[in-house]
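See below for the structure under consideration.
The values are calculated or read from the model by the stated rules, or taken from the named source; none is laboratory data. Fair warning: this is a prediction, and the values are worked out from it, not measured in the lab. Backbone-built Cβ (ideal geometry, glycine too); neighbour counts: all protein chains shown.
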Amino acid sequence: MNAKKVSNSAILVNGIIGGVAASILNVAIYYISRAMDVSFVLPPKTSGELPLDLHPFGIIFASMVPAIGALLLLMLLNRTTRKPFMILVIISVIVLAISVYPLTLELTWASRISMGIMHIVAAVSILWALRTSYK
C-alpha cells in the first residue's frame, strides 16, 4: 500500500497542515459546544488543585502536539519500515483509545461527548493530512 518512501519535508508540511486542520476544527467544535452551554472545566486530579478551564489556546496546543509527535514518528517509521503509514495508524488507534480514557472523569455527558469528538477529529485530521504524503 505505501511501500514507497517519501521525503521528510513532505511529511513535515503535511503533518503541520494536519495539526492546523485539527486545531481549526476543534476550536469550531469548542465554540459550537459552548454555544450549547457545554462546560469545558476539568475537575482537579487531587484535592489541592484547582479545576482546569479549557480555552481555545489550550485546544490549539492540544491539537498541535499530537500532530508533531505523529509526523516525527512517521519520519522515523518511513526510514526504518516497509509500511510506515500502516504502523502509524495502528499506533494512533492505540493512543486515541488511551487518550479518551480520561473522559471518564466527573464530567457531564455533553462535555464527554464534545471532548471525545475533539479527540477523534484530531486523530482523523492528522492521519488524513499525513496520508497525503504517500499519494
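A few comments on the model shown:
- Look at region 1-24: where a residue is modelled with pLDDT under 95 and a partner is of a type in the set (A, V, I, L, M), sitting 6+ places away or on another chain with Cβ atoms under 8 Å, you get MET1/MET86; ASN2/MET86; ASN8/MET75.
- Pairs where the first residue, in region 86-104, is without any contact (Cβ under 8 Å) to a residue 40 or more places away in the chain and the second is β-branched (Val, Ile, Thr), C-beta under 6 Å, 6+ apart: ILE87/THR81
Conditions tested, residue by residue: (1) under 22 Å from VAL13 (Cα atoms); (2) surrounded by 13 or more Cβ atoms within 10 Å (Cβ to Cβ); (3) out of contact with any Lys or Arg (no Cβ under 8 Å at 6 or more places or on another chain).
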{"residue": "PHE61", "(1), (2), (3)": "yes, no, yes"}
{"residue": "GLY69", "(1), (2), (3)": "yes, yes, yes"}
{"residue": "LEU77", "(1), (2), (3)": "yes, yes, yes"}
{"residue": "PRO84", "(1), (2), (3)": "yes, yes, yes"}
{"residue": "SER92", "(1), (2), (3)": "yes, yes, yes"}
{"residue": "ALA97", "(1), (2), (3)": "no, no, yes"}
{"residue": "GLU106", "(1), (2), (3)": "no, no, yes"}
{"residue": "ARG112", "(1), (2), (3)": "no, yes, yes"}
{"residue": "VAL121", "(1), (2), (3)": "yes, yes, yes"}
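- Each residue in region 86-129 was checked for being among the acidic types (Asp, Glu) and in a helix (DSSP H, G or I), and 0 pass.
- TYR31, sole failed condition from (1) in contact with a Phe, Trp or Tyr (Cβ under 8 Å, 6 or more places away or on another chain); (2) at pLDDT 95 or above; (3) over 24 Å from THR132 (Cβ atoms): (1)
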